[in-house]
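A quick write-up on the structure given underneath.
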Amino acid sequence: MTDRLRLGAAYYPEYLPPGRLDTDLDLMAEAGLRIIRVGESVWSTWEPAEGDLRLDWLQPVLDGAAARGIDAVVGTPTYAIPPWLAAQEPDALAQNATGSVVGHGGRQNADLLHPGYRAHAERIIRAVVSRYADHPAVVGWQVDNEPGAHLLHNPGVLAGFVEHLKRLHGTPEALNEAWGLVFWSHRITDFDQLWRPDSNTVPSYDLAWRRYQDELVTGFIAWQAGIVHELARPDQFVTTCIAGHQPAADAWGLARALDRTAVNLYYATQDALGTEPAPTTAQGSPWWEDEAGEWRLHQAADTARGLRDEPFLVTETNAVSIGLSEVNNPPYPGQRTLAALTMLLRGATTVEYWHWHSLHFGAETHWGGILNHRLELGRAYREIAGTARAASAAEDVLAGLRPDEDVLLVTCHASRRALEFQPPLTTPGNTGPDRNSHGRIVDAFYRAFHTAGAQLAVHDVRGLPDAAAMAKRWPVVLAPALYAATDAQLDLLLAYARAGGRLVLGPRTGYADELARARSTRPELLRAAGVDYDESSALAAPLAVAGALSGAGAAWADLLEPTADDTEVLASWTGHPFFSAYAAVTDRPVGAGRITTVATLPDQALGRALARRLLGQALPDLPAGVTRATARTAAGERVALYANWSWEPASVTVHAPHGWYDLAGDRAPGKDGDTLGLGPWGHRLVVLRTADAPAAGHRTGNARG
């Protein structure tokens, strides 16, 4: 079944002056908004005192939505506990370090294992879902909100962790062996001797602790989903809005606990949204200051799609400025439309704006909504309405799109956690360890291939198909920073190469095992690559490379040496008396495929050169500042979004041997070789006709166009 294509907004009438409901819903309908998210933030409204359930306030909202053809997702309010619960169950408040309580006054501040909190949460979930499960406007349920905000140190959580270790390892001696507790006299003779995580220095302990935290949060969300499924209609989905940056959120695990993937996808605006992003005009530091560039928007969408390898929902995205009161960066004209269409072309079926109106109070007073503080129809409303109408007019083509994929980028949640604890990289400016080392390495490879024109899929290593299926689907697979990997995961990548795939290994891949212990022997994957390194080095500044590939590497260098006669050195370090003795990029045939090893974080020149070597003529030729995203329609044709991420007008040539048509206006036919003009921050959304449609479910690579 194909999802309905919808733009919409989070809608909180309880935050608005009275008498607004019909006006708001009429304005939404006129703008073409077709879905709202309601109810998840106001437990104290649903239940102002223990057992005092007041459920009827949402009825007119849902009735009004249904009357206008607007769907609704109703949220369970468990992430923001009411004052009476905090007062009644003070030990249910989260501890973010041993004895350090997260006091009431914020949100996401509950001990998820506390039996009293669970009992209250189950009561409100059952009450809300029972009351509205049969309402015709309700198409789905959101349990909780952005789960995983705290690493919980509550006594019950620590006790549960120790029991988990007992089940996993059996005996103290087995744990000693697994974690290497002989070091610094950490050997235990009883599980009760295990120290608290606050002062831990053991990498394997930390990885086990972080995995447990991830599983605790995933289990809590699965518990909520199970309750909702008992009561909801069979045609209603259950999801949560995943914020992957949360310290205890395993996005891949959360997606599997639910029916649909839903993510919060915010992006940098103004000049920070370009292909060569520049700082915004903000005087403050927005929380997404590291999220600059249109490539980040593509990466976030590709990552969301890969969590379940299917279409996804965007539960929150920018309406205006997103950030604290000092951060004010309204999108330039056209940027909202570019962002929404990019999300749709990369697999989103629903895009909801945060949120309908700008709040008049609370922590997010200055997170601008579609309506301004005076509740007037400004530029945001007009632009979003135009986007929604255009998307609805093209729904016959856009519904059921299958994004094209040239390259698979493999991520690893365990490696992310392990490299947070022992980062190989320092922060820009060398001010300390960079806890986002895994992300930086992965980002360098994604950005390089994206800016070369490739279209990527992003999958966690836990969810990969078999080697033959991988080789059939993706001609190139990138595996950077697969640090804390199992033998089976590395063997799968080797089998992919032997089956005919082009495998690219990045820094730190295969260096440690699944317990974050440095390997004492080289795995077969690295032997097959025909290269080895005895040492690695931090790079204080980018260092040039030259050879068949040229550019520069940054931050890190594995000092590669070929170990096989048929290992080809594609690039070596240049201009340095020490590093120039080593290879920076190597390549070797393996079975029917090849393994390329990249020793560093490639800059854009090196990354583009590598992408073009691997993908060749499959990559498009586009002017600076322009990208192209393509997807297959249900009828087998290709939709192409040409996007200009700059103030400079641009033009592109359409390569469509069987003709094309624009999804705007009267859909007049065009011919191969036509030129399309793109205004500042403008776009053209066209259908490239094909001679025949592929079989259902088939995914194609990128085609030149």
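Viscosity 0.890 mPa s, temperature 25 °C: Stokes-Einstein D of region 1-128 from its Kirkwood Cα radius, in µm² per second?
Values: Rh = 16.3 Å.
For these conditions, the coefficient is 150 µm²/s.
Tally the DSSP beta bridges in the chain and give the antiparallel ones as a percent, rounded to 5.
DSSP beta bridges in the chain are roughly 55 percent antiparallel.
Check which residues have an amide H placed less than 5 Å from Asp71's amide H, if you skip close sequence neighbours.
Counting only residues 5 or more places away or on other chains, the set is Ile35, Ile36.
Relative contact order for region 208-348: what is it in percent, counting Cα pairs under 8 Å that are at least 6 residues apart?
23
Contact order normalised by length for the chain, with contacts defined as Cα pairs under 8 Å and 6 or more residues apart; what percent is it? Provide the component values of the computation, followed by the final result.
Working: 1551 pairs, mean separation 72.2, N = 705.
RCO, the chain: 10 percent.
Give me the number: length gained by fully extending Ala548 to Phe578, i.e. 0.36 nm times residue separation minus the C-alpha to C-alpha distance, one decimal in nm.
8.7 nm
What GluC sites (Glu not before Pro) in region 1-89 are in a loop by DSSP, with at most 14 other Cβ atoms within 10 Å of the Cβ?
Of the GluC sites (Glu not before Pro), the ones in loops of region 1-89 whose Cβ has at most 14 other Cβ atoms within 10 Å are Glu50.
Work out, step by step, the length gained on full extension between Ala67 and Arg517: first 0.36 nm times the residue separation, then minus their alpha carbon distance; give nm to one decimal.
Here the answer is 156.1 nm.
Run through all the Cα pairs of the chain and give the fraction in each 20 Å bin from 0, expressed as whole percent.
17, 49, 31, 3
What is the packing order of peptides 253-264, 407-418, taking the mean over residues of other C-beta atoms within 10 Å and listing the highest first?
In descending order of packing, they fall as 407-418, 253-264.
In nm, what is the difference between 0.36 nm times the number of residues separating Trp184 and Glu122 and their Cα-Cα distance?
Details: separation 62, 0.36 × 62 = 22.32 nm, distance 4.50 nm.
That pair, Trp184 and Glu122, stretches by 17.8 nm at full extension.
With the Cα gyration tensor of region 464-510 in hand, give its eigenvalues times 5 under a square root as the equivalent ellipsoid semi-axes, listed largest first in whole angstrom.
The three semi-axes for region 464-510 are 17, 11, 8 Å.
For labels at Leu55 and Ala538 in the simple 7 Å Cα→Cβ model, what's the distance in nm?
5.8
Using mean Cβ contacts within 10 Å as the protection proxy, how do 597-603, 351-357, 204-210 order, highest first?
597-603, 351-357, 204-210
Give me the dipole magnitude in Debye, nearest 20, for the chain about the Cα centre, with unit charges on the beta carbon: positive for Lys and Arg, negative for Asp and Glu.
Roughly 1220 debye for the chain.
Between Ser651 and Glu177, what is the label-to-label distance in nm when each label sits 7 Å out along the Cα-to-Cβ direction?
Placing both labels 7 Å beyond Cα along the Cβ direction yields 7.2 nm.
Could you pull the Cα extents of region 626-688 along its three principal axes, largest to smallest, in whole Å?
That gives 35, 21, 20 Å along the principal axes, largest extent first.
Can you give me the relative contact order of region 523-665 as a percent, contacts being Cα pairs under 8 Å and 6 or more apart?
Reported as a whole number, the value is 18 percent.
Is the shape of region 171-212 rounded, prolate or oblate, going by the alpha carbon gyration tensor and its root eigenvalues a ≥ b ≥ c, with a/c under 1.5 for rounded and a/b larger than b/c for prolate?
On the way: a/c = 1.42, a/b = 1.37, b/c = 1.03.
Note, shape of region 171-212 comes out rounded.
Throughout, read-outs are computed from the coordinates displayed, never taken from laboratory work. Since the structure is predicted, the reported quantities are computational estimates derived from the model, not experimental observations. With ideal geometry, Cβ positions are generated from the backbone for all residues, glycine too; neighbour counts draw on all protein chains shown.
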